[in-house]
Amino acid sequence: MGAGQGEPALGNKASVSELGIWREVIRRALRDLCESEASLRNEAVEWIGDGKGEDFVDVCSAADLEPSAVAKLAHRMLALGPDRAKVYLTQVIEVTDRDRHNRTIDQ
């Protein structure tokens, strides 16, 4: 059974669903960096840290994402500030989703 539109070709639906859940955990942390509420931002900053924390690395691995790349994105977003970071994150997600869709079609 092939992957659906926008889904990676992993061979079974359980793996695709699990991958999506872990990717959503990462997206949620990145969105929290854009929040005006300092406690949400601080929690996300603490969890992402330098990109080498055990929990963060485990979630990135389960999401099939490179921890250093996610941490670099997070630090870039922090430098932009919450409002500009929100726009930037939306653009990054659109490009990533479009790229994933194109890779699925090419397979």
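The values are calculated or read from the model by the stated rules, or taken from the named source; none is laboratory data. In this text the structure is predicted, and so the values were computed from the model without any measurement. Note that we place each Cβ from the backbone using ideal geometry, even for glycine, and neighbour counts take in every protein chain shown. Accessible surface areas use protein heavy atoms only, side chains included; no ligands, DNA or RNA. Shrake-Rupley method; radii C 1.70, N 1.55, O 1.52, S 1.80 Å.
So which of Gly53, Gly49 ends up being open to solvent by less than 70 Å² (accessible area, probe 1.4 Å) and at positive phi? The conditions single out Gly49. When Ala29 is tested against (1) open to solvent by less than 60 Å² (accessible area, probe 1.4 Å); (2) touching a residue at least 40 places away in the same chain (Cβ under 8 Å); (3) more than 26 Å from Ser15 (Cα to Cα), just one condition goes unmet, and that condition is (3).
Per-residue answers, yes or no, for (1) open to solvent by 30 Å² or more (accessible area, probe 1.4 Å); (2) at pLDDT 95 or above; (3) part of a helix (DSSP H, G or I); (4) among the acidic types (Asp, Glu):
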| residue | (1), (2), (3), (4) |
| --- | --- |
| Val16 | no, no, yes, no |
| Val25 | yes, yes, yes, no |
| Cys34 | no, no, no, no |
| Val45 | yes, yes, yes, no |
| Ser68 | yes, yes, yes, no |
| Leu89 | no, no, yes, no |
| Glu94 | yes, no, yes, yes |
| Asp99 | yes, no, yes, yes |
| Asn102 | yes, no, yes, no |
